[in-house]
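The values are calculated or read from the model by the stated rules, or taken from the named source; none is laboratory data. In this text the structure is predicted, and so the values were computed from the model without any measurement. Please note: Cβ atoms are built from the backbone with ideal geometry, for glycine as well, and neighbour counts cover all protein chains shown. The accessibility values were calculated without ligands, DNA or RNA, using every heavy atom of the protein model including side chains. Shrake-Rupley method; radii C 1.70, N 1.55, O 1.52, S 1.80 Å.
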Amino acid sequence: MPHPHYAPISGINTLGEVIRYCINDVASTKAIFLDENMKKQINLRAKLSKEYDISLHSASEPRISKEIFVHFLSKKLKTTPKMIKELRTIRDNVPVAPLILPYVKFVTPEFNNMLAWFKKLDLKILEGKMEGPKHTMKYKGVSTDYGLGGLHGCTKAGIYESSDTHVIISVDVASFYPNLAIKNRWSPEHIPNEPFCELYEWFYKTRKEYDKSSPLNYLFKIILNSTYGLSKNRHSFLYDPELTFRITVNGQLLLSMLYEQICLAIPDAQPIMQNTDGLEFIIPRDKIELFTDVCAEWEKMTQLSLETDTYKKMIIRDVNNYIAIYPNPDKYPKCKGAFEYKDLPLHKNKSFLVVPKALYYYFVYGIKPEDHVNSNDNIFDYCGGVKIKGEWFFTAEYIQDGVYKKDKLQKLIRYYVSTTGVKLVKSHPDGREIQLESGRWVQTVFNKFVNKPFGDYQIDKRYYLEQIYQEIANIEGSKKELNQTSLF
């Protein structure tokens, strides 16, 4: 909004700006309302509100999950939703050793040291906050970090490809955290095991009855995924830190057992990544059947299900930022973190999309970043959005007619890096200042869309290309020099 909502309107120009803002606000809301994906979300909430007599029209995903779970659980326990919502199990500490499943065993020293580390933990809970130490294990040249939430590990940044003799193979546990609780009959201490797990399993099985495009499939997905999160939320009826750690600790240990078993059965297997619910390896193609057998034995032992896939190529910056390309050219690559740009949800940050787009086209199709940037005339792909809180505020600093000027800006701004414009500075009343895009760059504030020939925006293409090439260097390991002539 161009004018503080709490301040009086003193002039006709300000009034016009506010009116234009309000018209744009309504038009934007209408456009979102008519979006096909948003229609599904709105219709789902309307249907649930009517069916369960709960007002969910404006509910967030966690609230939907909580209300629907309470609805069914109250019926199963023959009590009221109000009584369910008051339940909690408060703990000051959680010793980890008693939580570990009895069949968790390892062979190699690295994994046994990690298990011993977990068994020594006595996790303290201070005012509902669950924080704890971390353990790092190095195995076959790859470091894996263990903590309270999940395991994360990754080989060095680079490009990894399948070949005639070797293949990149990915294995994920289906609905890992929900199924850990279901199969092992775990529940918060204040809720009986059988009713809780029966209901949880019903959600899981019912979801599979609906196509992935169905709003009901989506509903049961958020219920399944949110339940673990609610177990560590002090304000939730599912709150019990012991359940949280039963799931996360055993999840890491069971996945690590699969990790070790694959590497012992296939000595040539090279681990690439380890994440909360999955593993990626490069293995010899003639060992695929053995890989499958190891996974089947693990499934039998844990009662969990694994889903496997193969990749033609993986472009990896780290465990949270990568592109995985499938052998089937018609299947869209999996893009994570810094490489995501397509079909982003409304709440996702869409700043500087020209960077992940250029990286995608470079790594997947071999298109030079200069060629992509020179052909991309969508001004919004060059824009970044920033929001500020508390006493901090933004200022635009510039020279006009030989005079230094400093304009105070609103709390939320959109801008792009340009060859002319202002310095954008994050300022505090106590005198602290932090420049956005520090260095020689200048920015143009773009809170109000101005449609004009693309060249008139005066975008600093070199700035964006340097960001793109820095990401490429992080992966390929060598810095490429920009060709100045190719920018024009």
Name the residue, out of Y362, Y404, Y382, that is of a type in the set (F, W, Y), in contact with a Phe, Trp or Tyr (Cβ under 6 Å, 6 or more places away or on another chain) and at pLDDT 90 or above.
Y382
Within the stretch 90-125, restricting attention to residues that are assigned to a loop (DSSP other than H, G, I, E, B) and not hydrophobic (A, V, I, L, M, F, W, C), which residue is surrounded by the fewest Cβ atoms within 10 Å (Cβ to Cβ)?
P102
Is there a residue being under 29 Å from Q41 (Cβ atoms) and aliphatic (A, V, I, L, M) anywhere in the stretch 408-422?
yes
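Yes/no per residue for (1) at pLDDT 95 or above; (2) of a type outside the set (D, E):
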| residue | (1), (2) |
| --- | --- |
| Q274 | yes, yes |
| I283 | yes, yes |
| D286 | yes, no |
| E289 | yes, no |
| Q303 | yes, yes |
| Y311 | yes, yes |
| M314 | yes, yes |
| V319 | no, yes |
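So if I check each of S162, S175, which one is at positive phi, open to solvent by less than 70 Å² (accessible area, probe 1.4 Å) and touching a helix residue (DSSP H, G or I) at 6+ places or on another chain (Cβ under 9 Å)?
On the way: S162 fails: at positive phi.
On inspection, the qualifying residue turns out to be S175.
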Go through the stretch 296-305 and give me each residue that's surrounded by fewer than 18 Cβ atoms within 10 Å (Cβ to Cβ) and either among the small types (G, A, S) or not in a loop (DSSP other than H, G, I, E, B) (or both).
A296, E297, E299, K300, M301, S305
Within the stretch 356-389, restricting to residues that are aliphatic (A, V, I, L, M) and open to solvent by 20 Å² or more (accessible area, probe 1.4 Å), the one that is nearest to R462 (Cα to Cα) is I367
All positions within the stretch 185-201 that are in contact (Cβ under 8 Å) with a residue 40 or more places away in the chain, open to solvent by less than 40 Å² (accessible area, probe 1.4 Å) and either of a type in the set (A, V, I, L, M, F, W, C) or out of contact with any Asp or Glu (no Cβ under 9 Å at 6 or more places or on another chain) (or both)
W186, I191, P195, F196, L199
Show me the helices (runs of 4 or more DSSP H) entirely contained within the stretch 1-80 in which 1 or more residues are without any contact (Cβ under 8 Å) to a residue 40 or more places away in the chain and under 24 Å from E201 (Cα atoms).
36-52, 61-76
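Look at the stretch 395-421 and say how many of its residues are in a loop (DSSP other than H, G, I, E, B), open to solvent by 80 Å² or more (accessible area, probe 1.4 Å) and on the phi < 0 side of the Ramachandran plot.
Taking the stretch 395-421 and keeping what is in a loop (DSSP other than H, G, I, E, B), we get 401-402, 409-411, 419-421.
Subsequent filtering for residues that are open to solvent by 80 Å² or more (accessible area, probe 1.4 Å) retains 401, 411, 419.
Add one more test, that the residue is on the phi < 0 side of the Ramachandran plot, and what stays is 411, 419.
Residues flagged as in a loop (DSSP other than H, G, I, E, B), open to solvent by 80 Å² or more (accessible area, probe 1.4 Å) and on the phi < 0 side of the Ramachandran plot within the stretch 395-421 amount to 2.
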Just to be sure I understand, how many residues within the stretch 43-89 are more than 23 Å from C197 (Cα to Cα), basic (K, R) and crowded, with 17+ Cβ neighbours inside 10 Å?
1
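Matching residues to (1) in a strand (DSSP E or B); (2) closer than 23 Å to N113 by Cβ; (3) not polar (S, T, N, Q):
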position: G229; (1), (2), (3): no, no, yes
position: S236; (1), (2), (3): no, no, no
position: E242; (1), (2), (3): no, no, yes
position: T248; (1), (2), (3): no, yes, no
position: E260; (1), (2), (3): no, yes, yes
position: C263; (1), (2), (3): no, yes, yes
position: F281; (1), (2), (3): yes, yes, yes
position: K287; (1), (2), (3): no, no, yes
Is it the case that some residue within the stretch 327-346 is within 30 Å of K183 (Cβ to Cβ) and either modelled with pLDDT of 95 or more or outside any loop (DSSP other than H, G, I, E, B) (or both)?
yes
Regarding the stretch 10-31, can at least one residue be identified that is in contact with a helix residue (DSSP H, G or I) (Cβ under 7 Å, 6 or more places away or on another chain), open to solvent by 60 Å² or more (accessible area, probe 1.4 Å) and of a type outside the set (D, E, K, R)?
no
Among the residues of the stretch 306-319, is any in a loop (DSSP other than H, G, I, E, B) and among the basic types (K, R)?
yes
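Results for (1) under 24 Å from W392 (Cβ atoms); (2) free of Cβ contacts under 8 Å to residues at least 12 places away in the same chain; (3) of a type in the set (A, V, I, L, M, F, W, C), shown as yes or no for each residue.
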{"position": "G421", "(1), (2), (3)": "yes, no, no"}
{"position": "G431", "(1), (2), (3)": "yes, yes, no"}
{"position": "P453", "(1), (2), (3)": "no, yes, no"}
{"position": "D456", "(1), (2), (3)": "no, yes, no"}
Taking the options Y218, Y204, name whichever one is open to solvent by 20 Å² or more (accessible area, probe 1.4 Å), of a type in the set (F, W, Y) and touching a residue at least 40 places away in the same chain (Cβ under 8 Å).
Y218
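The rows are residues; the columns are (1) at positive phi; (2) of a type outside the set (S, T, N, Q); (3) without any contact (Cβ under 8 Å) to a residue 60 or more places away in the chain.
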{"site": "F245", "(1), (2), (3)": "no, yes, no"}
{"site": "L254", "(1), (2), (3)": "no, yes, no"}
{"site": "A265", "(1), (2), (3)": "no, yes, yes"}
{"site": "L290", "(1), (2), (3)": "no, yes, yes"}
{"site": "C295", "(1), (2), (3)": "no, yes, no"}
{"site": "W298", "(1), (2), (3)": "no, yes, yes"}
{"site": "T308", "(1), (2), (3)": "no, no, no"}
Condition check for Y322: open to solvent by 70 Å² or more (accessible area, probe 1.4 Å) and not in a loop (DSSP other than H, G, I, E, B)
no
Considering the stretch 425-464 alone, what residues qualify as being acidic (D, E) and surrounded by fewer than 18 Cβ atoms within 10 Å (Cβ to Cβ)?
D430, E433, E437, D456
